[in-house]
Structures are given as C-alpha cells and as structure tokens.
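K.L.:
Supplied in structure tokens, the structure appears directly below.
Quick note: the coordinates plus some simple rules give every number you see, no bench work behind them. All values reported here derive from a predicted model rather than from experimental measurement. Don't worry about glycine lacking a Cβ; one is built from the backbone with ideal geometry, like all the others, and counts go over all protein chains shown.
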Amino acid sequence: MELPLPHPPERPVFYRRLADVVLVLGLAASVYGWHHSADALREEQERRFDAVASEKVARIVESLERYMDLAGSLAALFEASQEVSRREFHEHFRSLRALDRYPALQAAQYAPRVAAADRERFEATVRADRSLRPEGYPGFHIHPPGERDEYFPVLYNE
C-alpha cells in the first residue's frame, strides 16, 4: 500500500517574490552580457577589417607606384632622345626586365601623334623599318581606316 506523500510546507510569499526577482535579474544580466559581448565582437571585427583594408590599400598604392615608375622610365627614354627607334624602345623595355618585375603588365606601347598630311610618309617609314624584323612591316596601315585631322597609331608595342 502506498502512502500519500505529504505536501511541502507553504513558503511565505516573500520567498516566491525573491525567486521572481532573482529570475528577472538573471535574465537582465544575461541580456546585458549578450549585448555587451555582441558589441565587443562587432568592434573587434571592424578593427580587423580596417587593418586588412588598410594593408590592401597600401599594397595597391605601392604596386601602382611601381607601375608608374615603369611608365616614367619609358617617358624618360623619349625625353632623353630626339627620336627613339623601335630597337631602342625594345632594348630599353627588355633591360627593365618588365615582364619579370611587373606581372600584371599586358603591354607597353608608344603611339605618336601623326598629322593627316604626314600619314603616307609615316606609314612608308614604318613599313621600311627593319631594325627588329628583317622583313619590316609591309602590311602596316593606320587603323581604323578613315580620314581624320590627326592619328595616334600604336608604333611600338612590347
């Protein structure tokens, strides 16, 4: 036969209210801690992002400066000479070891301004240039075709 269990004695209302207050305070402390932790984590992520972004920007600026130095070197070649030949441009470009030192470089080109009145003489001069290729450039024409006051054809391309 089973004996009925006695009911626990009634606690005073004070203890129940105290338990409710402790529960509410615990919840409030948990919410505050979660909010504080989330803010701290967000701030840390922002600091890390800013540091990485600053480093990337510095590397891009440094890289651009190096490529500008290359362009400046090619410009100096033209400033130091009355007329730069195809061979001089080619040899200067090779001496810079640009293909090894500038991995993103697609091409280095020189395009002179050619007045419409000088077009035929310019094309004939390019076709006859045998400084790098024994056969010259017999098929050279300024393109796109058409009459203009001036042209900017790519003359040297490395």
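K.L.:
Mind checking which of Ala108, Phe122, Pro144 is farthest towards the positive end of the range 74-158's charge dipole, using Cβ charges of +1 (Lys, Arg) and -1 (Asp, Glu) about the Cα centre?
P.N.:
Ala108
K.L.:
Still on this structure, I have one more. Treat every Asp and Glu Cβ in the range 48-158 as -1 and every Lys and Arg Cβ as +1, leave all other atoms uncharged, and give the resulting dipole magnitude about the Cα centre to the nearest 20 debye. The partial results should precede the final answer.
P.N.:
Details: 16 positive and 19 negative charges, 73 e Å.
Computed about the Cα centre, the dipole is about 340 debye.
K.L.:
How far, in degrees from 0 to 90, does helix 119-128 lean away from the longest principal axis of the Cα atoms of the chain, to the nearest 10?
P.N.:
Tilt relative to the chain: about 90 degrees.
K.L.:
Here's another thing I want to ask about it. Modelled label-to-label distance, Arg16 and Ser37, 7 Å Cα→beta-carbon offset: nm?
P.N.:
If labels sit at Arg16 and Ser37, their model points lie 3.3 nm apart.
K.L.:
For a paramagnetic label modelled at 7 Å from the Cα of Glu44 toward its Cβ, which residues of the range 16-37 fall within the zone defined by backbone nitrogen distances under 17 Å?
P.N.:
33-37
K.L.:
Quickly estimate the mean residue ellipticity at 222 nm for the chain, helices only: each DSSP H run with n ≥ 4 gives -39500 (n - 2.57), and the total goes over all residues, rounded to 500. Intermediate results must be reported in sequence, preceding the final value.
P.N.:
Values: 4 runs with 91 residues, N = 158.
Estimated from H runs of four or more residues: -20000 deg cm²/dmol.
K.L.:
If you take the alpha carbon radius of gyration of the chain and divide it by 2.2 N^0.38 Å, what ratio comes out, to two decimals? Walk me through the numbers on the way to the answer.
P.N.:
Details: Rg = 39.0 Å, N = 158, 2.2 N^0.38 = 15.1 Å.
Scaled against compact globular proteins, the figure is 2.59.
K.L.:
Sum up the charges of everything whose Cβ sits under 12 Å from the Cβ of Lys56, counting Lys and Arg as +1 and Asp and Glu as -1, but leave Lys56 out. Display every interim value, and only then the final one.
P.N.:
Values: positive: Arg59; negative: Asp50, Glu55, Glu62.
Summing Lys and Arg as +1 and Asp and Glu as -1 gives -2.
K.L.:
Right, another one. Can you give me the distance in nm between label points at Phe152 and Glu91, each placed 7 Å from the Cα along the Cα-to-Cβ direction?
P.N.:
Modelled inter-label distance: 2.9 nm.
K.L.:
Could I ask something else about it? Using the charge dipole of the range 38-89 (Lys, Arg: +1 at Cβ; Asp, Glu: -1 at Cβ; taken about the Cα centre), state which of Ser73, Ala38, Ser85 has its Cα farthest towards the positive end.
P.N.:
Among Ser73, Ala38, Ser85, the one farthest towards the positive end of the dipole of the range 38-89 is Ser85.
K.L.:
Given 0.36 nm per residue, what is the gain on full extension from Gln109 to Arg127 after removing their alpha carbon distance, in nm? It would help to have the intermediate numbers written out before the result.
P.N.:
Numbers: separation 18, 0.36 × 18 = 6.48 nm, distance 1.77 nm.
Net length gain for the segment: 4.7 nm.
K.L.:
For the chain, find the longest principal axis of its Cα atoms and tell me its angle to the long axis of helix 13-79, 0 to 90°, nearest 10.
P.N.:
Result, in degrees: 10.
K.L.:
Ok, one more. Take the Cα radius of gyration of the range 21-75 and divide it by 2.2 N^0.38 Å, with N its residue count; two decimals is plenty.
P.N.:
On the way: Rg = 23.7 Å, N = 55, 2.2 N^0.38 = 10.1 Å.
Relative to the 2.2 N^0.38 Å estimate, the range 21-75 comes out at 2.35.
K.L.:
If you take the alpha carbon radius of gyration of the range 115-154 and divide it by 2.2 N^0.38 Å, what ratio comes out, to two decimals? Show your work: numbers first, answer last.
P.N.:
On the way: Rg = 10.8 Å, N = 40, 2.2 N^0.38 = 8.9 Å.
Cα Rg divided by the expected 2.2 N^0.38 Å: 1.21.
K.L.:
Could you give the angle, 0 to 90 degrees to the nearest 10, between helix 86-95's Cα long axis and the longest principal axis of the Cα atoms of the chain?
P.N.:
Between the helix axis and the principal axis of the chain, the angle is about 40 degrees.
K.L.:
Now a separate question. Taking just the alpha carbons, could you work out the radius of gyration and Dmax for the range 55-120, both in angstroms?
P.N.:
Rg, Dmax (Cα atoms, Å): 14.9, 52.
K.L.:
Next question, about the same structure. Can you tell me the length gained on complete extension of the stretch Ile60 to Glu79, counting 0.36 nm per residue apart and subtracting the Cα distance?
P.N.:
Working: separation 19, 0.36 × 19 = 6.84 nm, distance 2.81 nm.
Extra length from Ile60 to Glu79 when fully extended: 4.0 nm.
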